[in-house]
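Only one structure is covered here, and it is reproduced in the block below.
None of the figures in this text is laboratory data; all of them are computed from the coordinates on show. Note that the structure is a prediction, hence the values are computed from the model and not measured. Every residue, glycine among them, receives a Cβ derived from its backbone with ideal geometry; neighbour counts consider all protein chains shown.
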Amino acid sequence: MRRLNLNQKIEDQKDEQMVDKGKRVADSEEHQDKDKVQLTFMEGVASFELNDLLKASAEGLGKGNFGNSYRATFDDGRAVVVKRLRDLKPLSGDEFVKQVRGIAELDHPNLLPLLAYYYSKNEKFLVFKFAVNGNLYNRLHGGKGTRNRIPFPWSSRLAVARAVAKSLEYLHLNYHIPVPHANLKSTNILLDENDTVLLSDYGLTSIVAPPIAVQRMVSFKSPEFQMSKRVSKKSDIWCFGALLLELLTGKVCVHSAPPEANGIDLCSWVHRAVREEWTAEIFDPEVSSRTGAYNAMVGVLQMAMRCCDKLPEKRPNISELVRELENVKSVIIDSEDDEDLSMDRSSYTDESLSEKSIIIGDARKFAN
């Protein structure tokens, strides 16, 4: 694979965009722009020169909803992610800086930290920490059906749910915009070298053009937006419910799937499963067949269904969910010889499930 430096990557994409639009930007204007504006670092962040960043080895990480992202690797081995921004609101330089600094001031161990930003007339990008272990989508769905598949145990899935809930709670309490995240999905949940959860793409509704947000952000696929064209913090809760279902079922959610993936409407599918009493088929066999936490999984299913309620006012707030997830027991059984694993989960019927756990009975009322 040919690996370019970041400056070449940016220039190549600019050339493509200019051909598409039939435009050319004069070289003199470009140089004038670069002379005026510097890379601006957040307080306490180790800085580097813009020129060093542009010369860094660059690897494309994919086309996001609001611009391409690149992994830029310096000569000393350090790596950062550069997110080029497009389809923004028509903000002045001062307005852009104000909004970006508002995002940068958010400080939580489960939020991907913003390191720096660059603003000029023709180029805008954000610089973030590089998360070594990729994203939750790839961890949850990658390698399925192959020998290379690394199982993703219940304890890890529950830990992800708790961390995302805590970061979302922080945003809801400290970031005063109508929908503090608006694009919560498994591809935006990253894992660092210690598998610490880092939520990315938060706060972008403050800078992205509204028509683009409506087209591309997950919260705008919520039932309330379809009915009333309104979103709120409870729209984030709907997204969180879909994420919980993705963790429980191991299935790809259509509302947040990458373009190349085939997903299903998990909220509708799970409600139908409970209503038609084939609840035992909901859970990912990779998890349900190897843990002693079946009832806990059913409890999380109940939470997810409340989050996915079509009426926003019936959904729990994020602080309630944080408390409930903290109370969920994570019982992990590593031995396949354990008595609990000797039971064939495929033999469970919905009648037997309802006998084993009254939570299933409670869950059914959310499907009506």
Plugging the Cβ-Cβ distance of Asn122 and Ile212 into 1/(1 + (r/R0)^6) at R0 = 30 Å yields, to the nearest 0.05, a FRET efficiency of 0.95
Find how much the distance from Asn194 to Thr146 grows on full extension, using 0.36 nm per residue of separation minus their present alpha carbon separation; answer in nm with one decimal. 14.8 nm
Separation between the Arg230 and Ser268 pseudo-spin-labels, each 7 Å from Cα along Cα→Cβ, expressed in nm? 2.4
Taking H as built 1.01 Å from N, whose amide H comes closer than 5 Å to the amide H of Leu115, not counting residues under 5 places away? Val127, Phe128, Lys129
Cα gyration tensor category, rounded, prolate or oblate, for segment 192-266 with a/c compared to 1.5: oblate
Along segment 59-75, what does the Karplus equation 6.51 cos²θ - 1.76 cosθ + 1.60 (θ = phi - 60°) give for ³J(HN,Hα), rounded to whole Hz, x for Gly and Pro? 10, x, 9, x, 8, x, 5, 10, x, 6, 10, 10, 8, 9, 10, 7, 4
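So, with +1 on the Cβ of K and R and -1 on the Cβ of D and E, and no other charges, what is the size of the charge dipole of segment 137-244 about its Cα centre, to the nearest 20 debye?
420
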Mind ordering 74-86, 231-243 by average Cβ neighbours within 10 Å, highest first? 231-243, 74-86
Segment Asp52-Gln38, length gained on full extension (0.36 nm per residue, minus Cα span): 3.8 nm
What does the C-alpha gyration tensor say about the overall shape of segment 234-277? Classify as rounded when a/c is under 1.5, otherwise prolate if a/b is larger than b/c, or oblate. oblate
Starting at the first residue of segment 76-89, write each ³J(HN,Hα) from the Karplus equation 6.51 cos²θ - 1.76 cosθ + 1.60 with θ = phi - 60°, in whole Hz, x for Gly and Pro. 8, x, 5, 9, 9, 10, 9, 10, 6, 9, 9, 6, 8, 5
Which of the peptides 109-120, 295-306 is most tightly packed, and how do the rest follow, going by the mean number of other Cβ atoms within 10 Å of each residue? 295-306, 109-120
Rounded, prolate or oblate for segment 285-330? Axes are the square roots of the Cα gyration tensor eigenvalues, ordered a ≥ b ≥ c, and the cut-off for rounded is a/c under 1.5. oblate
Quick one: Karplus J couplings for segment 246-260, per residue in order, coefficients 6.51, -1.76, 1.60, θ = phi - 60°, nearest Hz, x for Gly and Pro? 5, 5, 6, 8, x, 9, 7, 8, 4, 6, 10, 6, x, x, 7
